[in-house]
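The values are calculated or read from the model by the stated rules, or taken from the named source; none is laboratory data. These numbers come from a predicted model, not from an experiment. Note that each Cβ is placed from the backbone with ideal geometry, even for glycine, and that neighbours are counted across all protein chains shown. When the accessible area is computed, the model is the full protein with side chains, heavy atoms only, and any ligands, DNA or RNA have been set aside. Shrake-Rupley method; radii C 1.70, N 1.55, O 1.52, S 1.80 Å.
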Amino acid sequence: LSQVFNMHHHLILEFGSSALYIFQGESFRAVTALFIHADGRHLLGNLAGLLIFGAPLISLSGYGTGPFLLVLAGTWGNLINAFYQGDARLSIGASTAIMGAAGSLAAFQITRKRPHNTKGLGYRIWNRMIPFFACATLVAMFSHGTNTDVSAHVFGFLAGLFWGIPFFPLHRTLDQRIVEPVSLAVCAYILVLALATGILS
């Protein structure tokens, strides 16, 4: 049991996201940290989060672009959080990517085409902002707990929103038969490259 604990502790130290190491060039940690969890409860909680936010995102975007958006938002969230924290603390878990999925879902609703209506501009802007506030509220609800990295959740959400707003209008115009397998291949390449860089560094 102590050997398992030591190995787990070693994995967190070697692959967790931390400004101290990222500033030294170990940017792969922003990716690998998404796949490391503190314990079974942490893992199960994030699996539930993936079902709530990740599955609808993949369903709306596609089997390739959905995972790519998850990894992109999670990685950017971890990188921005590292710069924000600026210290040696380690951040782990898929929750940054899950909050990124929530941000991307908000972006989908914001950019979705709606039937033309005669109501004023203020109403139309407010109508588009409702999904943002709804998803932000959900992020706040899921960002509790003693060891929760709240800033990572916030930056993950904002990264998902940031990338989702240009992504969905563009995604609707592209040939999905090409985009989805290419996006899945790029996503797999990023994951393998990050893991290989971490092992060999």
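Could you say which residue among Gly86, Gly66, Gly25, Gly16 is closer than 23 Å to Ala136 by Cβ and either touching a residue at least 12 places away in the same chain (Cβ under 8 Å) or open to solvent by 50 Å² or more (accessible area, probe 1.4 Å) (or both)?
From the options Gly86, Gly66, Gly25, Gly16, the qualifying one is Gly66.
If I filter segment 164-186 for residues that are closer than 22 Å to Gln85 by Cβ and either modelled with pLDDT of 75 or more or surrounded by fewer than 12 Cβ atoms within 10 Å (Cβ to Cβ) (or both), do I get at least one hit? No, segment 164-186 contains no residue that is closer than 22 Å to Gln85 by Cβ and either modelled with pLDDT of 75 or more or surrounded by fewer than 12 Cβ atoms within 10 Å (Cβ to Cβ) (or both).
When Leu79, Leu60 are checked against the criterion of being surrounded by fewer than 21 Cβ atoms within 10 Å (Cβ to Cβ), in contact (Cβ under 8 Å) with a residue 40 or more places away in the chain, closer than 16 Å to Pro181 by Cα and in contact with a helix residue (DSSP H, G or I) (Cβ under 9 Å, 6 or more places away or on another chain), Leu60 stands alone in meeting it.
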